[in-house]
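**Q** The structure that follows is given in the form of structure tokens.
No lab work stands behind these numbers, since they all come straight from the coordinates. Worth saying up front: this structure is predicted, and the values here are computed from it rather than measured. All Cβ positions, even for glycine, are placed from backbone atoms using ideal geometry, and neighbour counts span all protein chains on display.
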Amino acid sequence: MFDLPTLVIILIIVLYLLSSIKILAEYERGVIFRLGRVLPKPKGPGLVLVFAPIDRMVRVSLRIDTLEVPPQDVVTRDNVTVKVNAVIYFRVLDSTLAVIEVSNFLYATSQLAQTTLRSVLGEVELDELLSQREKLNVRLQAILDQHTSAWGVKVTLVEVKQVDLAEQMIRAIARQAEAERERRAKIIHAEGEFEASDKLAAAAEVIQRQPSAIQLRYLQTLVEIGTEKNTTIVFPLPVDILSSLGRALDQLSGTKSPAA
């Protein structure tokens with residue numbers, strides 16, 4: 001049998017070994033510092049032995065993390081002040097670099113995203129900011145990923161979440177959109193009139209070649225008027241009849257004047 005001091009020592013050793021056991025999840029890695037020097041490869045997942053105080057372990061998650069950039073005051077290239085916020089999706093690819101190259105990669109990525117958002121969006125106009133978000137998202141993602149790759153962090157996606165405009169600017173954009181719609185309506189109406197004039201000119205040529213076609217058109221007009229329930233009857237009078245009557249009256253007046 002062991003005496004009491006030996007049992008105490010054995011108990012301390014057992015407790016020390018139990019406290020040295022660390023379990024890392026599948027998405028976690030442990031960067032081990034042994035006497036202040038980092039080991040070449042991170043540990044995990046699974047069971048890991050960390051012998052304190054010789055070893056010190058820093059847990060790093062490899063899952064995709066989401067970082068919301070707070071609203072930033074941005075002045076666009078056409079001198080319009082807007083508030084823009086964004087969402088960044090990133091993950092750690094190299095846990096060793098994420099620990100030894102930067103003190104807090106989450107805070108560093110957040111600050112870098114804010115400054116990059118202001119600088120990139122300040123180089124574009126308001127119309128481009130509102131209509132070409134996909135292009136700006138790709139540009140922001142490329143710039144952020146270029147800077148964070150040295151930290152072992154991969155920026156997978158950047159999305160401009162919301163663009164807040166001043167009330168005066170919203171009214172100006174609404175007036176601009178209304179004027180644009182009116183311009184398009186006038187152009188469409190003019191194009192319709194132009195096409196209608198072409199068709200009328202073609203119809204006039206057909207009627208000129210076939211004079212009887214105008215009589216058929218008169219009859220068709222009477223049929224259309226007759227289908228409507230009204231008491232007014234409109235009879236179209238050909239213009240050539242009036243011109244013939246005018247010539248006849250001129251001839252009649254010319255024959256009477258010599259006799260007088």
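**Q** Using unit Cβ charges (K, R positive; D, E negative) and no other charged atoms, how large, in debye to the nearest 20, is the dipole of region 89-203 about its Cα centre?
**A** Working: 14 positive and 18 negative charges, 51 e Å.
Taking the Cα centre of region 89-203 as origin, the dipole is about 240 debye.
**Q** What do you get for the angle between helix 239-259 and the principal long axis of the chain? Use alpha-carbon atoms, 0 to 90 degrees, nearest ten.
**A** It works out to around 30 degrees.
**Q** Still on this model: Could you please rank M57, M169, placing first whichever residue has the fewest other Cβ atoms within 10 Å of its Cβ? Let's see the in-between values first.
**A** Values: M57 20, M169 14.
Least to most surrounded, the residues fall as M169, M57.
**Q** Quick one: among E182, E125, E205, which has the greatest mean-square fluctuation in a GNM of the chain with alpha-carbon springs under 10 angstrom?
**A** Between E182, E125, E205, it is E205 that shows the largest mean-square fluctuation.
**Q** While we're looking at this one, here's another question. In nm, what is the difference between 0.36 nm times the number of residues separating A213 and H189 and their Cα-Cα distance? Show your work: numbers first, answer last.
**A** Values: separation 24, 0.36 × 24 = 8.64 nm, distance 2.92 nm.
Here the segment from A213 to H189 would lengthen by 5.7 nm.
**Q** Right, something else. What label, among (i) 1.56; (ii) 0.94; (iii) 1.19, belongs to Rg/Rh (Cα atoms, Kirkwood Rh) computed from the structure on display?
**A** Calculated Rg/Rh (Cα atoms, Kirkwood Rh): the matching label is (i).
**Q** For every other residue with a beta carbon closer than 12 angstrom to the beta carbon of A150, add +1 if it is Lys or Arg and -1 if Asp or Glu, then tell me the sum.
**A** So the environment of A150 carries a net charge of -2.
**Q** Oh, and also: Residue-wise, which Karplus ³J(HN,Hα) couplings in Hz belong to region 151-156, taking 6.51 cos²θ - 1.76 cosθ + 1.60, θ = phi - 60°, and x for glycine or proline?
**A** For region 151-156, the Karplus curve yields 9, x, 10, 10, 7, 8 Hz.
**Q** Karplus couplings for region 99-104 from phi (6.51 cos²θ - 1.76 cosθ + 1.60, θ = phi - 60°), rounded to Hz, Gly and Pro as x?
**A** Here the 3J(HN,Hα) series is 9, 8, 8, 8, 5, 8 Hz.
**Q** Given the options L49, L140, L157, which has the most mean-square fluctuation in a GNM of the chain, springs set between C-alpha atoms less than 10 angstrom apart?
**A** In the Gaussian network model the winner is L49.
**Q** When L4, L130 are ordered from fewest to most other Cβ atoms inside 10 Å of their Cβ, what list results? Numbers along the way, then the final one.
**A** Numbers: L4 7, L130 14.
The order, fewest Cβ neighbours first, is L4, L130.
**Q** Mind telling me which of V75, V120, V14 comes out most flexible in a GNM of the chain, alpha-carbon contacts under 10 Å?
**A** Largest GNM mean-square fluctuation: V14.
**Q** Can you list the residues, at least 5 places off or on another chain, whose amide H is less than 5 Å from the amide H of E125, using H built in the peptide plane?
**A** For E125, the qualifying residues are R77.
**Q** Can you sort F51, F33, F194, F105 so the residue with the fewest Cβ neighbours within 10 Å comes first? All intermediate terms of the calculation are to be shown ahead of the outcome.
**A** Numbers: F51 13, F33 16, F194 9, F105 20.
By the 10 Å Cβ count, ascending: F194, F51, F33, F105.
**Q** What FRET efficiency comes out for the pair S197/V163, r = Cβ-Cβ distance, R0 = 35 Å, nearest 0.05? Can you show the working numbers first?
**A** Numbers: r = 45 Å, r/R0 = 1.30.
Here the calculated transfer efficiency is 0.15.
**Q** Here's another thing I want to ask about it. Where does helix 133-148 land angle-wise versus the long Cα axis of the chain, in degrees 0 to 90, nearest 10?
**A** Once rounded, one gets 20 degrees.
**Q** Mean residue ellipticity at 222 nm from the helices of the chain, using -39,500 (n - 2.57) per DSSP H segment of n ≥ 4 over the full residue count, to the nearest 500 deg cm²/dmol? Provide the component values of the computation, followed by the final result.
**A** Numbers: 8 runs with 142 residues, N = 260.
Value at 222 nm, helices only, nearest 500: -18500 deg cm²/dmol.
**Q** Using only Cα atoms, tell me the angle between helix 4-20 and the longest principal axis of the chain; keep it within 0 to 90° and round to the nearest 10.
**A** For 4-20 against the chain, the angle is about 20 degrees.
**Q** Next up: Near the amide H of Q72, under 5 Å away, which other amide H atoms are found, from residues 5 or more places off or on another chain, if H is placed in the peptide plane?
**A** V84, N85
**Q** Would you please give the residues with an amide H less than 5 Å from that of D65, counting only those at least 5 places away or on a separate chain, with H modeled from the backbone geometry?
**A** F90, R91
**Q** I would also like to ask the following. Could I have the simple spin-label model distance between L7 and A150, label points 7 Å from Cα toward Cβ, reported in nm to one decimal?
**A** 6.0 nm
**Q** Which residues among region 83-106 fall inside the zone where the amide N is under 19 Å from a point 7 Å beyond the Cα of I64, along Cα→Cβ?
**A** Output list for this probe position: 86-95, 106.
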